[in-house]
Amino acid sequence: MYSQGLIGSGDQTTETPKFLAAFQARIDADEKIEPNDPMPAAYRKTLIRQIGQHAHSEIIGMLPEGNWITRAPTLRRKAALLAKVQDEGGHGLYLYSAAETLGVSRKQMTEELVSGRAKYSSIFNYPTQTWADIGAIGWLVDGAAIMNQVPLCRCSYGPYARAMIRVCKEESFHQRQGYEIMLKLAEGSPAQKEMAQDALNRWWWPSLMMFGPPDGASEHSDQSTRWKIKRFTNDELRQKFVDATVPQAQRLGLSLPDPALAWNEAGGRYDYGEIDWDEFWAVVKGHGPLNKARVAARKKAWEDGAWVREAALAHAKKRAARQSVAIAAE
Amino acid sequence: MPPALVAALIGLADDHLILGHRLSEWCGHAPMLEEDLAMPNIALDLIGQARGLYTYAGELEGAGRDEDALAFGRLERAYRNLLICELPNGDFAHTMLRQFYFASFMQLFWQEVESSTDATLAAIAAKAVKESQYHRRHCAEWVIRLGDGTDESARRMEEAVTLLAPYAGEFFIADPEACGAVAAGVLPETQALQHAWQADVEQVFVAAKLAPPEAVYAQKGGRRGLHTEAMGHLLAQLQFMQRSFPDMTW
C-alpha cells in the first residue's frame, strides 16, 4: 500500500498520538524496527528517500570510477578497481533490497533515477580526469562516506543498519586502497606528485560538501535524529572528517587547498575555510559539470537493456508454463 | 623450447586480457544491476588468469619483463590474441554469445592443462577451470534465455550467431608457437577440443531454439599479430598511462 506515490508525496499522517508515542518509545529503547512492524508513514517515507538516494549514489558512483577501468596503469590496479566498482554495484543492490522491504520496488526507484527526479550524492557529478582522481575518490569520497555511514550501522531501521555493516567494511577497504594509490603517486616522479596534488585540489571541497548543508539549513535532520536514523549532524560529521584527513594529507606531503585551514588548540580540532555553498546548491539542482551526462548514461543503459529484461521475463514464463504442463502430464 | 612456449603463453594471456578489457567496458552500462556485477566479475577472473600467465611467461623468458611490461609494453603487431577477443562488444546478445564460446572453449582447454607436465601451468589451470565453468554456465544461461525469450531477443541472438561465425574457428587452428609445448604435454592440442566444443554449443543451441551456425570461412591471424582495426583503439586505451608516463611505479 505504500508503494505508490511515496517518493515526493505529501506528508499528512493519520496516526494517533498514542501510536506515535508508542513508536517513539520503541526507538528510545533502542529497539530495531523491522519491515512488518507498524511505523509512521513519515518514518517509512524518510527511509525510502534516504536509502533510495544512498543506493542511487552507489550506482551513479560506478560511472566516474568505471571511467578508468580500461586505462588503469597496471594489471594490479586494474583488478583492484574492477573489484571496487563491482563492490559499489553490490552496495546498490543490497540498498535497493533494503528499500524494497519498505514497499517500494527497484524498478520504481530506477525509473526515478533515470528520469532525473531522484537525488544522489552530488560528488559524482564531477569528472575523473586523471588516474590520481581514482586515488582521491577512494581516499576522500569513500573516507567521507565512511564517516556518514558508520553511524548508520546503528540506525533504528533493521534492514538498513544490517546492510550498512557490510557496506562499511568494504568502504573502509576502498578508502585504504585509494590512500595507497595516492601514497604511490606522492612518492613517485614529479609528474605523479603533481597529478596527486591536482586531484586533491579538485576533490577536497566537493568532499566536504558531501556531508550536506550546514546545520540549521538541513530540513530533515531534527526528525531523523529523534527517530535515530541520523545520529550526528552534518557539521559534526564534516568536522570529524577534516580532523581525520588533515594528518593523512600531511603524511602524503600534499597540501590542502584551504588557506584558512589551521589547528585550533583550544577546540582540539582543525578550523577550515568557508565552503562555497552556491556551488553546492548549483550542483544539487542539476548544474554540476556532469549531472546530465550521469543520468543520461544510466538512462541509456536502462533503455538499451529493456529488451534483455523483457526476454528474461518471457523465458521464465515459458519455462514455468512448460514445467506445469510436465507436472500435469505426470 | 622456452621461447616458443613463452610466445604461446603470451598469446593465451593476451586472449584473457583483451577479452577482459572488452567485458569491463560494460561496467556501469549493463541491462540490469546483476549484470553490472557479473560482467566485471568475469572480467576480473580473466585479468587474474592473464596475470598468472604473463608472470610465468616473463619468468621463463628471463629477460626481466614482468606482467605489466608484457601487458602494456608491446606494439599492436606483437599482441597474439584470437580475433574474437578483440571484437567490439556489440549488444548484450553478442557479448554473451562470444563469452559463452570462449568460456566453453577455455573450460575444455583448462581441463586438459590440469594434467600438464608443467606444474606451474597445472596450478594455474586448477583455479581457472573452476572459474571458466562458472563463466560458461552463466553465459550459456543467457544464450538460452535470449534465444528462447522474445522475438526481438531471438533475432538479436541469431544476428550474434551470424556475426561471430567467422571468428569461432580460430580457437582450433594450431598455434605454431605451441607445437613444441603440445608435443611435450605442456599444452593441449586445441584441434582435439573442437568436437567437444561443438557438442557443447549444439546442446545449448537446442535449448535456446537457435539454428547452429553455418560453416563459413574462418577469419584468422590473431596468433600472428594480424588484428582487426578495433585493436589499435583498444590498445590506445589500455596503454594510455604506460605510454604517457613511461617507467613509473603505480
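Structure notes:
- Cα centroid of the stretch B:79-127 to Cα centroid of the stretch B:25-40, whole Å: 20 Å
- Mean-position separation - Cα centroids, the stretch A:64-79 and the stretch A:251-308, in angstrom: 22 Å
- Each residue of the stretch A:19-34 is assigned a 3J(HN,Hα), and the resulting list reads 4, 5, 5, 5, 5, 4, 5, 5, 4, 5, 7, 6, 7, 7, 8, 10 Hz, derived from the Karplus form 6.51 cos²θ - 1.76 cosθ + 1.60 (θ = phi - 60°), x at Gly and Pro.
- Chain B, helix-only ellipticity at 222 nm - DSSP H runs n ≥ 4, -39,500 (n - 2.57), divided by all residues, nearest 500: -21500 deg cm²/dmol
- With θ taken as phi - 60° and the Karplus curve 6.51 cos²θ - 1.76 cosθ + 1.60 applied, the whole-hertz 3J(HN,Hα) list for the stretch A:187-202 is 8, x, 6, x, 5, 5, 5, 5, 4, 5, 5, 4, 5, 4, 4, 7 Hz, x standing for glycine and proline.
- Here the Karplus relation 6.51 cos²θ - 1.76 cosθ + 1.60, evaluated at θ = phi - 60°, turns the backbone of the stretch A:270-281 into coupling constants of 8, 8, 9, x, 5, 7, 7, 5, 5, 5, 3, 5 Hz, with x for every Gly and Pro.
- Expected-Rg normalisation [2.2 N^0.38 Å, Cα atoms] applied to the stretch B:3-244: 0.97
- Cα-based shape type of the stretch A:265-330, given that a ≥ b ≥ c are square roots of the gyration tensor eigenvalues and the cut on a/c is 1.5: oblate
- Cα gyration tensor, the protein assembly as shown - rounded (a/c under 1.5), prolate or oblate: oblate
- Three-way shape call for the stretch B:166-244 based on the alpha-carbon gyration tensor, with the a/c threshold at 1.5: oblate
- Degrees separating the helix B:33-61 axis from the principal Cα axis of chain B, which is the longest one: 30 degrees
- The eigenvalues of the Cα gyration tensor, multiplied by 5 and square-rooted, give chain A an equivalent ellipsoid with semi-axes of 36, 28, 17 Å from largest to smallest.
- Using alpha-carbon coordinates, inclination of helix A:291-304 to the longest axis of chain A, degrees: 40 degrees
- Extension gain, residue A:25 back to residue A:277 (0.36 nm per residue minus Cα-Cα distance, nm): 87.0 nm
- C-alpha long axis of helix A:41-66 to longest principal axis of chain A, angle in °: 60 degrees
- Only Lys, Arg (+1) and Asp, Glu (-1) charged, at Cβ; the protein assembly as shown dipole about Cα centre in debye: 840 debye
- Counting, for every residue in B:238-246, the Cβ atoms of other protein chains within 10 Å of its Cβ and taking the mean gives 4.
Rule-based calculations on the coordinates, nothing more; no lab input. No experiment lies behind these values; they were computed from the predicted model shown. Note that we place each Cβ from the backbone using ideal geometry, even for glycine, and neighbour counts take in every protein chain shown.
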